[in-house]
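J.: Here it is, the structure in full.
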Amino acid sequence: MVTLILDTNIWIYLAKGEHPKVLEKLIEKFNKKEIQFLISSIQIEEWDRNKIEIIDEIKKAIKFQIQNAQTISEYLEGEEKESFSKILSNFKNKEESLIKAANERYELIEDLIKNKSIICQVTDDDRLEVSNWALQKKAPFHRHSNSYADALILLSTSKYVQENSLHTSPYVGETDKIIISDSVFVTNNSDDFSLGTKGADKDVIHPDLAPILDKVKMRFERNIGKILEISDELEAEIASYWGYIDDLIESHIEWEAEIMRGK
């Protein structure tokens with residue numbers, strides 16, 4: 001059984017329903033006992049704190065899709081415009097049902113997080129250790145100072161894996177009982193966790209964090225599609241989606257920097 005540690009941004013991505021087949025595949029594998037979810041208590045706190053905002057974002061995304069469709073219709077003429085207007089009208093009529101489906105998907109994700117996952121508690125020792133990372137500007141604090149929750153997620157879950165895994169024993173006659181034998185930490189947050197923020201370096205764990213994963217034989221992955229045995233097309237689509245999000249974030253950072261420079 002593979003133990004998945006999904007960063008908060010992945011859970012939100014699933015709640016937004018960007019690629020519903022990914023969620024379907026996760027649930028299918030969970031029901032078959034091929035995977036189990038491990039989550040940090042700090043993520044429960046994050047989820048509850050941002051619950052209203054997350055639901056609002058999902059609803060805004062649906063309304064934004066409708067607005068975009070309306071904009072497209074302005075560039076059409078004749079039969080094309082008429083056909084498209086009928087499709088748009090049907091889509092608008094489904095807005096309420098789309099929002100209802102989004103709420104149900106959100107509740108499904110919340111159930112997975114709170115009731116179907118193993119929840120490891122963040123300890124005072126974890127908080128102290130992470131504070132030391134911040135003082136030393138170690139990853140995930142090497143680029144940003146507000147990475148406290150991200151650091152606690154990785155540290156607390158890796159400690160849980162270590163405490164609940166017995167790998168090959170050097171002692172003759174000792175029986176091994178492997179509870180967690182294969183674990184994967186999945187996040188798209190290259191800023192905090194990766195060696196670099198561009199190209200192949202985004203898919204490599206930062207050297208400051210590598211020993212934590214290596215100690216418990218945990219893998220690092222940015223594209224959840226790569227561990228779900230989904231089609232190459234969907235895997236590429238997921239990678240493209242995260243690339244688009246990365247570009248948006250980078251553009252926003254550059255825009256803020258230009259404002260600070262007075263441009």
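A short reminder: the numbers here are calculations on the coordinates, not readings from a lab. Keep in mind that this is a model prediction, so the values were computed, not measured.
J.: Largest first, please: the extent of the C-alpha atoms of region 1-109 along each principal axis, to the nearest Å.
T.: Taking the Cα atoms of region 1-109, the three principal extents are 56, 31, 20 Å.
J.: Can you list the lysines whose alpha carbon sits under 23 Å from that of Lys226, skipping same-chain ones fewer than 8 residues off?
T.: Straight-distance partners of Lys226: Lys16, Lys21, Lys25, Lys29, Lys32, Lys33, Lys116, Lys198, Lys202, Lys215, Lys217.
J.: Give me log10 I(q)/I(0) at q = 0.23 Å⁻¹ for region 1-45, Debye formula, one equal scatterer per alpha-carbon, no solvent.
T.: -0.88
J.: Full extension from Asn93 to Ser145: what is 0.36 nm times the residue separation minus their Cα-Cα distance, to one decimal in nm?
T.: 14.2 nm
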